[in-house]
Amino acid sequence: MRAIRRFTVRTVLPPRLAGLAELVMNLRWSWHPPTLELFAAIDPLVWRAVRGDPVRLLGEVPPSRLAELAADEGFLRRLDHALEDLHAYLTGDRWYQTTAVDGPRAVAYFSPEYGITSVLPQYSGGLGILAGDHLKTASDLGIPLIGVGLLYRRGYFNQSLSRDGWQQERYPPIDPYGLPLELLTEADGSPVSIAIQLPEQRTLQARVWQARVGRVPLLLLDSDVEGNAPAERDVTDRLYGGGTDHRFRQELLLGVGGVRAVRAFCRITGHPEPEVYHMNEGHAGFLALERISELMQDAGLSFDEALEVVRASTVFTTHTPVPAGIDRFPRDLIERHLVAETDGPARDGLHILPADRVLALGAEAYPGGDPGVFNMAVLGLRVASRANGVSTLHGAVSRHMFAGLWPNFDPDDVPITSVTNGVHVPTWLAGEMRTLLETELAGPAGVDGAGEGIRWADAERLDDVRLWQVRNALRARLVVEARARLRESWRTRGATDSEMQWIDDALDPQVLTIGFARRVPSYKRLTLMLRNPERLRALLLHPRHPVQIVIAGKAHPADDAGKRLIQEVVKFADDPEVRHRIVFLPDYDMALAQLLIAGADVWLNNPLRPLEACGTSGMKAALNGVLNLSIRDGWWDEWFDGNNGWAIPSADGLPDDRRDDLEAHALYDIIESQVAPRFYDRGSDGLPTRWLEMIRHAIASLGPKVAATRMLREYLDRLYTPAACAHRAVTADDFAGARHLAAWKARILQAWPGVRVEHVAASGLADALEYGTRVPVRAVVALGGLDPSDVDVQVVYGRVDENDELVTPRSASLRPTDARDGLFGYEGEIVLDRTGPFGYSVRVLPRDTLLGVSAELGLVALPPPRESITSGDLR
Ligand SMILES: *Cc1c(COP(=O)(O)O)cnc(C)c1O
């Protein structure tokens, strides 16, 4: 019989244990080993059974055990200590409070998914894990972030396999009352309700759950509320499910509802209002529309003035190098939702926005763009004056990919920078490794719970014996866990006990172990290793240098091609001849990732370059002394130094089939001739000296770079703090700066067709000049009625390629000298500071002290074609 109503009965803790509830409700436990140990001590068996979920733990521990603990002095002391530690962590000054200058009072960080712990399955892959690591690291550093996202009733699916290796999906419903979440409520205790007006007089309502991620509040909007009609209730039903309309409504709720939730949160708690808004990928782009509408209503700004405020204070991070990965909505969907219906009962604040202006923000107004489409990445770039990719290579790829938005600019000048991702060290450093690094690499102030204070460079001196012990222990734990998971998987697939006896000896704790785990989109090439099955078999079964491979990964539920790849791997791994050396473990999640990225010896990554924007699992591996074997894509392109792992040469540009062949063979060759021999090369003491040498160097060279504290500091210094300062500049004196900037831009746009470089000349030029020569440069420009203070006239110079294109040139401003008949003279000089082919040109850019980047308006005036420039001395 079906219950007519469900509710959750919460455990009543004995008063002396009340502090446990507080510990459980702050997710800091997910990266704080002493608190996790305390939870385990409550009941080790139940702790294992609930897979590390402390809310379930408290629900399932018998009251008699709780009564016993309430009288256990030793336990109570540990509990009090853990609570004191949490309070100190939450209230004391951290790095930001003592060091940061001019930083934002608060940053609102928007992301469609968050990977904080496997207990909260609100992530599908790298994007979510990155968001979780970002929040945790901000908390550790004391950076005042507010996270904003959605609470998916079904989260991401659990994966299992059918008998014949086909991915099966299960969506266990999530009960927010059974998770470490609290409802955001008004002072009178009633839940905060967010509402967005939809077409056809419908309303989308949501309540707001708050997760405490250490010091960082995370607000999750949930549309599963009684006031909603069924269709609206389902808006937050699952992560990345459903069609275009569904996805659009999720993004509307995330962006628009998210800003409204932040306002409610700040009003109720007194938290400072954000000065900076960070969009982790384009899904939250609608937040800009909500902010423009707020500023128009509350401050009486025009659309353009409000847009200046929003641009100054918004940071946009793009994560995908493939156009197909970007959200694009039909224009009419935007129109229907953002244009007021005259007969609607309650107008939404969004409806005051001029529809044409809104549509223009997401228009693909460049060659090849689709006029019927509203593009969320384009929106992101137009509403954020600061944008970045997630590795150096991805930054360059993004500048090319979006170059159409800045016609007349070289891709190198497209204003998209990059901040390479990082990983949260306390989350991803395995216990044994943490102990080793804390004891051997601690600086004078020790290592704090956030991993701060590890002297990574000293890893070069780590003791071989201890390091090898740790590596062996981590591999052994992986083998034990893998066997347990394999047994569970085979049981699900319908095997009997007698069919599963081989699993007792599956994998070998002494054998070189390669890990490969990630989502299964085609560009990550899960099956590249199967390209030549006979060669793979030979590597697995090598008589002296065998390797074993542990694989995991989920295919998107709608991606049958991905599921076929998984099936291919499973079929190969089912073969009795090799099944003890290659296994597929279902249900890749953070918990399994933690096991794999620490327990493998080698972390394999073979994406199609340059489609991996960054990749972070290899960073987690590196922290644990696991060596990367990877295509030079994403972060590995940047930080592979020849000795801290291996690079698989990539055959970019060749047809896919040929490329797969070449890259697979390179992979087999490296494993056979470099990786395996090095691993099995043992000294008389049994130690793989050269292997350990490489590990020490990998930790020393990569540790400080991959740590997310490095990433957060970069975001702060290069994006958040400048955005906060820009926000202050445009909002001061009743938005005088925003009003000025909007009016100035309008004036510049109108006058720009009259801006021309009339004349350029350099003195003493010859076909060959000596290194170090100073060459005076003079330019004459027409300004179309603008004032010289409105523009920056620059000389651009440096090496030229065979087509006379300047390659990564430098630029310097020229000085205004004279004005005659509406023409303005400028002078300066260039120094020929490199040998070889050299060239220069001149350009005019708009300039204003409030302008974020000079390419912002997309305007530049260049000299006429070369032929018409007079060379030689004009004076
Ligand atoms: C780190 C992580 C990822 C990201 O992996 P990539 O290297 O970016 O492919 C995906 N899923 C989980 C569970 C992770 O922990």
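The values are calculated or read from the model by the stated rules, or taken from the named source; none is laboratory data. All values derive from a computational prediction rather than experimental measurement. Note that we place each Cβ from the backbone using ideal geometry, even for glycine, and neighbour counts take in every protein chain shown.
For the stretch 139-159, the set of residues classified as away from the ligand (no atom under 12 Å from the Cβ) and either at pLDDT below 95 or of a type outside the set (A, V, I, L, M, F, W, C) (or both) consists of Ser139, Asp140, Gly142, Pro144, Gly147, Gly149, Tyr152, Arg153, Arg154, Gly155, Phe157, Asn158, listed by residue number.
Return the residues of the stretch 372-422 that are in contact with a Ser or Thr (Cβ under 7 Å, 6 or more places away or on another chain) and either over 24 Å from Val310 (Cβ atoms) or without any contact (Cβ under 8 Å) to a residue 12 or more places away in the chain (or both); say none if nothing qualifies. The answer is Ser391, Thr392, His394, Asp412, Thr420, Asn421.
Among the residues of the stretch 587-609 satisfying the criterion of being of a type outside the set (A, V, I, L, M, F, W, C) and part of a loop (DSSP other than H, G, I, E, B), which is farthest from the ligand (Cβ to nearest atom)?
The first filter runs over the stretch 587-609 and keeps only residues of a type outside the set (A, V, I, L, M, F, W, C), leaving 587-589, 594, 599, 601, 605-607, 609.
With part of a loop (DSSP other than H, G, I, E, B) added as a condition, the list becomes 587-589, 601, 606-607, 609.
Working: Asp587: 10, Tyr588: 6, Asp589: 5, Asp601: 17, Asn606: 11, Pro607: 8, Arg609: 14 Å.
Among those that are of a type outside the set (A, V, I, L, M, F, W, C) and part of a loop (DSSP other than H, G, I, E, B), it is Asp601.
Lys136 falls short on exactly one of the conditions (1) farther than 21 Å from Gly255 by Cα; (2) within 16 Å of the ligand (Cβ to nearest atom); (3) assigned to a loop (DSSP other than H, G, I, E, B), and that condition is (3). If you scan the stretch 512-526, which residues turn out to be surrounded by fewer than 20 Cβ atoms within 10 Å (Cβ to Cβ) and not aromatic (Phe, Trp, Tyr)? Scanning the stretch 512-526 gives Arg519, Ser522.
Within the stretch 429-445, residues that are closer than 15 Å to Ala707 by Cβ reach partners that are among the aromatic types (Phe, Trp, Tyr) with beta carbons closer than 8 Å, at six or more positions or on different chains, in the pairs Leu441/Trp456. Which one is nearest to the chain's Cα centre (by Cα), of the residues in the stretch 730-748 that are closer than 24 Å to Val107 by Cα and surrounded by fewer than 17 Cβ atoms within 10 Å (Cβ to Cβ)? Here the answer is Ala732. Whether any residue in the stretch 97-119 is within 16 Å of the ligand (Cβ to nearest atom) and of a type in the set (A, V, I, L, M) is what I want to check. The answer is yes, given that some residue of the stretch 97-119 is within 16 Å of the ligand (Cβ to nearest atom) and of a type in the set (A, V, I, L, M).
Among Val46, Val101, which is surrounded by fewer than 21 Cβ atoms within 10 Å (Cβ to Cβ), assigned to a loop (DSSP other than H, G, I, E, B) and among the hydrophobic types (A, V, I, L, M, F, W, C)? Criteria check complete, one pass: Val101.
Among the residues of the stretch 20-30, not a single one is in a loop (DSSP other than H, G, I, E, B) and either surrounded by 17 or more Cβ atoms within 10 Å (Cβ to Cβ) or of a type in the set (D, E, K, R) (or both). Considering the stretch 541-559, and only residues there that are hydrophobic (A, V, I, L, M, F, W, C) and surrounded by 17 or more Cβ atoms within 10 Å (Cβ to Cβ), the residue that is nearest to the ligand (Cβ to nearest atom) turns out to be Ala552.
Being at pLDDT 95 or above, buried (at least 19 other Cβ atoms within 10 Å of the Cβ), among the small types (Gly, Ala, Ser) and not in a helix (DSSP H, G or I): is that true of Ser630 here? Against the criterion (at pLDDT 95 or above, buried (at least 19 other Cβ atoms within 10 Å of the Cβ), among the small types (Gly, Ala, Ser) and not in a helix (DSSP H, G or I)), Ser630 qualifies.
Only one of the numbered conditions (1) within 14 Å of the ligand (Cβ to nearest atom); (2) crowded, with 20+ Cβ neighbours inside 10 Å is violated by Leu565, and that is (1).
If you go through the stretch 554-596 and keep only what is closer than 23 Å to Gly618 by Cβ and in contact with a Phe, Trp or Tyr (Cβ under 6 Å, 6 or more places away or on another chain), you end up with Lys554, Val569, Ala573. Sub-7 Å Cβ pairs linking a first residue in the stretch 589-609 that is of a type in the set (S, T, N, Q) and modelled with pLDDT of 95 or more to a second residue that is away from the ligand (no atom under 11 Å from the Cβ) and not in a loop (DSSP other than H, G, I, E, B), at least 6 apart or interchain, are Asn605/Ile631; Asn606/Leu528; Asn606/Ile631; Asn606/Ile648; Asn606/Glu663; Asn606/Leu667, ordered by first then second residue. When Leu69, Leu79 are checked against the criterion of being over 32 Å from the mean Cα position of the chain (by Cα), part of a helix (DSSP H, G or I), buried (at least 20 other Cβ atoms within 10 Å of the Cβ) and in contact (Cβ under 8 Å) with a residue 60 or more places away in the chain, Leu79 stands alone in meeting it.
The criterion of at least 1 residues that are farther than 30 Å from Leu702 by Cβ is met, among helices (runs of 4 or more DSSP H) falling completely within the stretch 359-431, by 376-383. Considering only residues in the stretch 432-455 that are in a loop (DSSP other than H, G, I, E, B) and surrounded by 22 or more Cβ atoms within 10 Å (Cβ to Cβ), the one that is nearest to the ligand (Cβ to nearest atom) turns out to be Gly451. The listed residues are Asp458, Asp504, and the only one of them that is farther than 27 Å from Ile116 by Cβ, away from the ligand (no atom under 16 Å from the Cβ) and without any contact (Cβ under 8 Å) to a residue 24 or more places away in the chain turns out to be Asp504.
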